[in-house]
1. For the range 212-246, give me each residue that is open to solvent by 20 Å² or more (accessible area, probe 1.4 Å) and modelled with pLDDT under 90.
2. Please give the number of the condition Gly290 fails out of (1) at negative phi; (2) open to solvent by 10 Å² or more (accessible area, probe 1.4 Å); (3) of a type outside the set (A, V, I, L, M).
3. Right, Leu304: touching a helix residue (DSSP H, G or I) at 6+ places or on another chain (Cβ under 6 Å), in contact (Cβ under 8 Å) with a residue 60 or more places away in the chain, over 15 Å from Gly152 (Cβ atoms) and open to solvent by 60 Å² or more (accessible area, probe 1.4 Å) or not?
4. Going through Arg166, Arg179 one at a time, which residue ends up being open to solvent by less than 60 Å² (accessible area, probe 1.4 Å) and in a helix (DSSP H, G or I)?
5. Looking at the range 78-92, is at least one residue within 21 Å of Thr113 (Cβ to Cβ), in a helix (DSSP H, G or I), open to solvent by 30 Å² or more (accessible area, probe 1.4 Å) and not β-branched (Val, Ile, Thr)?
6. Just checking, how many residues over the range 307-317 are touching a Leu at 6+ places or on another chain (Cβ under 9 Å), in a helix (DSSP H, G or I) and without any contact (Cβ under 8 Å) to a residue 40 or more places away in the chain?
7. From the list Leu254, Leu229, Leu268, which one is farther than 18 Å from Phe400 by Cβ, assigned to a helix (DSSP H, G or I) and out of contact with any helix residue (DSSP H, G or I) (no Cβ under 6 Å at 6 or more places or on another chain)?
8. Checking the conditions here, which among Leu286, Leu304 is more than 17 Å from Ala402 (Cβ to Cβ) and hydrophobic (A, V, I, L, M, F, W, C)?
Amino acid sequence: MPAEIACPSNAVEAVPIHGETGLRPATLAVCAIGCGMSVANIYYAQPLLDAMAHDFEIPPAAIGLVVTLTQIGYALGLILVVPLGDLIDPRKLAVAQAALSAVALAIVAASQTVAVMFPAMVMVGLLSVIVQVLVAYAAALAEPARRGQAIGTVTSGIVIGILSARVVAGLLSDLGGWRAVYMVSACLSAVLTLALAHLLPRGRSVPFAGNYLAVVRSIPRLFVQDPVLRLRGMLALLIFATFSTFWTALVLPLSASPFSFSHTQIGLFGLVGIASALTAARAGSLADHGLGHRTTGLGLALLLVAWAPIALLPVSMAALIGGVLALDLAVQAVHVTNQSVIVSRHPQARSRLVGGYMAFYSVGSGIGGLAATAAYALAGWACVCGVGAFFSGIALCLWFCAGDDSIASTRKT
């Protein structure tokens, strides 16, 4: 594959960061914790919408804009901010994002009108892509033989942040109102800024000497011209369509009779998935040992099988919990393996690759969310399970037909 696919002609070869400082345990820990804290900012609003609508006198049908605007900001950040990690010192980028996040969150907490709150929520989403900057940075710092394990550890922090955000938001809101959630997060972001500034290596690690527009334009070219990246991107789209299908629709049967669970009780189901998040590092280690293709296949097969116990929700809560564990484990195993493969393809373009890959994730999440509500309205929970199994089956077939990409991945590195 031509070298210009990875970066334009004025690019320079990356300096191997791990040779300078390595990925220390404290650095890896702050990256994982920072990712969990930052990604939670995107999800805090979901259980708070009723309170926010009342406070700002927004019609219930329109308050969903809070979530939409945050996601729009996040999507813009993936394309416009994350690639900067290949253009400027990623340490400075991460510290600046954490500091600006503290400001944006404080503005949300203090806002008195939607004219202030809505743009601030866009900025919260935009700056939350520090998550992807830290993933790419941890991958660059890690030794090649342990890169997958490092990505898995950081991803565990992300998953824990996503799954615990609703519960944390509910508890803090009960104690001090919805504004307390964002004020506490603003304070934590300020602490994160200091931790990142202190613990991230100061060594220079800019792998690209081109301009900003060249960096952004190179993202689609990377995926168009590299079949391994295309495969991993499509797998990301499908697994997160499956993931979103389940988690979007779950509230509908559980909030209705005969369960009639509260939002807090439903949010607790997210904690079930934390157990699977802790296994993500193991999936990365398997990829480090050349077992990425096999791990992907097993993960996709488990994802498909998970829908069988999930479909038993009307009659067995235990089966549902088992299905949740299997589904989350499968998604994280494939997700970590995907990232381990893509960042090894073009080391000088890690930030761009992570940003582009997560764009597939965002599209898949959106498709799954829309499909879930439509399926439930059409034929209830059984239809939701059918849609989820459909996405899972397509992903498994795509992996099977594509063949083993581990040899190609090794050759590229």
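The values are calculated or read from the model by the stated rules, or taken from the named source; none is laboratory data. All values derive from a computational prediction rather than experimental measurement. Virtual Cβ from ideal backbone geometry, glycine too; neighbours counted across all protein chains shown. All accessible areas refer to the heavy atoms of the entire protein, side chains included, with ligands and DNA or RNA removed. Shrake-Rupley method; radii C 1.70, N 1.55, O 1.52, S 1.80 Å.
1. If the condition is that a residue be open to solvent by 20 Å² or more (accessible area, probe 1.4 Å) and modelled with pLDDT under 90, then Tyr212, Leu213, Val216, Arg217 are the ones that fit.
2. Looking at each condition in turn, Gly290 falls short on (1).
3. When the stated conditions are applied, Leu304 passes them.
4. Within the list Arg166, Arg179, the selection yields Arg179.
5. Within the range 78-92, not a single residue is within 21 Å of Thr113 (Cβ to Cβ), in a helix (DSSP H, G or I), open to solvent by 30 Å² or more (accessible area, probe 1.4 Å) and not β-branched (Val, Ile, Thr).
6. 1
7. Exactly one residue qualifies, and that residue is Leu268.
8. Sole residue among the options that is more than 17 Å from Ala402 (Cβ to Cβ) and hydrophobic (A, V, I, L, M, F, W, C): Leu286.
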